[in-house]
Amino acid sequence: MNIQFWLIVATMIAVALIILLLPLLKKTELVVVDGEQRNLKIARQQLAELKQQLQDGRLLQHQFDAQYQELQANLSNEIDTRKSVAIKDSSNGRWMIAVIILFLPLLSLALYVGLGEPEALSKIEMQQETDQHLSNVRMMIPQIIERLKQNPEDLEGWLMLGRSYMYVQNYPAAKDVFARIYQFQPDNVEVMLNYANCLAMNNNGQLAGEPAELIEKAVKKAPDNGNALWLAGMAKAEEGDTKQALNYWHKLLVQLPPDSDGSKQVQQMIAELAAQQAEEEAGSASQASVAITTRIQVSVDIAPAQKAATQPQQTVFIYAQALNGMKMPLAIVRKKMADLPLTVELNDSMAMQPGIHLADFKQLKIVARVSKSGDAIPKSGDLIGSSALDVTTESQAVSLLINQEVP
């Protein structure tokens, strides 16, 4: 479909070029010929008048010869002048041809990229695929129901029916299905988690109450279950128990492949929650109990060229990470572009993992990054500045200039 779109665009641009260039490509030879014919006709009339005057005796022969030569000279000059003008006119404006051929397609593409939505076709294709999948699931639901009528004890069939209702967002029907399964399988971890998720969706996504109780029960029965750890972290974060939420997610992160999408998503959630925790606890009484062994004063500014491409509400993450080894931030602060330039302090009270201190690492990388999407995980197009730092004293300072773009 993308190929067809660009073929249509190319055809439209070609038609526009033809319409614009045809007048510039036309020659003036016909105009020149018409002018010459008109001049010759006038000259013949004047010559006929001179001959008539000679015959009538109104002109002497030497007078006729003089006027005849003058008539020839005037005719020759007029023709030469018209040809030179025609040649000049024929070349006038031809330089615009190259300009239009280059400028029109580039302008069209620039306007499309700036004002249009280049990913619109991909989004339409994805939406069509999603709609088709939804249609297939809706058609499949009656078949699952018929199969369950014949085999009511089929647990996998009931789970499939409940998940199908969830997929098509028929949450009340899904709730009835999972409630029935839970009555017969109250100790099944998978049933608990599906039922908890279903109850939350019927309550505008809130996990408080019965969903949180089911999740906690599932975690106790299966402490290493990935879905249970994910939902448990969500429930604790919703309750405001940031420390326990981070513990669940750090435990989950260890189980995931380092470069997987799931790992990146969990890292993002951890970074955002840790930054939120640092903001909420800054200056509170609980901070006094934290043994701060290292303080790093970080001054942050952004280069004018990069600042022009930002918005005041965009998020700025300022964090420290090990120069070698683990890449998870050791301490992080979240600000806005509107706050720059600024100075913040990174210390052990902002640690994302309990028991890990900045002083545990001899070399740190201090980073300031403008996240255009608001995500804690760096993405292409984000703006960044960084500096390596040797941890030699308890109090240190570093200046960062955001002047590069994440590739």
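When its C-alpha radius of gyration is set against 2.2 N^0.38 Å (N residues), the range 286-405 gives a value of 1.03.
Can you order the peptides 267-278, 225-236 by their average number of other Cβ atoms within 10 Å per residue, highest first? Spell out each step's value before the answer.
Numbers: 267-278: 20.5, 225-236: 22.5.
Top to bottom by mean Cβ count within 10 Å: 225-236, 267-278.
Past the 24 Å Cα-Cα mark, which pairs from Lys327/Lys379; Lys149/Lys220; Lys243/Lys307; Lys220/Lys264; Lys264/Lys365; Lys236/Lys379? Don't skip to the answer; put the middle values down first.
Details: Lys327/Lys379 15 Å; Lys149/Lys220 34 Å; Lys243/Lys307 35 Å; Lys220/Lys264 26 Å; Lys264/Lys365 20 Å; Lys236/Lys379 28 Å.
Among Lys327/Lys379; Lys149/Lys220; Lys243/Lys307; Lys220/Lys264; Lys264/Lys365; Lys236/Lys379, the Cα-Cα distance tops 24 Å for Lys149/Lys220; Lys243/Lys307; Lys220/Lys264; Lys236/Lys379.
With neighbours defined as other Cβ atoms within 10 Å of a residue's Cβ, the residues Glu216, Glu394, Glu153 order from fewest to most as Glu153, Glu394, Glu216.
Stretching the chain fully between Asn170 and Thr11 yields a gain of 52.6 nm (0.36 nm per residue, less the alpha carbon separation). Applying 1/(1 + (r/R0)^6) with r as the Cβ-Cβ distance of Ile377 and Ser399 and R0 = 30 angstrom yields a FRET efficiency of 0.75. Selection among Gln321, Ala308, Gln297 by position relative to the dipole of the range 286-405 gives Ala308 as farthest towards the positive end (Cβ unit charges, Cα centre).
Every read-out reported here was derived from the displayed coordinates using simple, explicitly stated rules and does not represent laboratory data. Predicted, not measured: the structure shown is a model, and the values here were computed from it. When we count neighbours, we look across all protein chains shown, and the Cβ atoms used for this are built from the backbone with ideal geometry, even at glycine.
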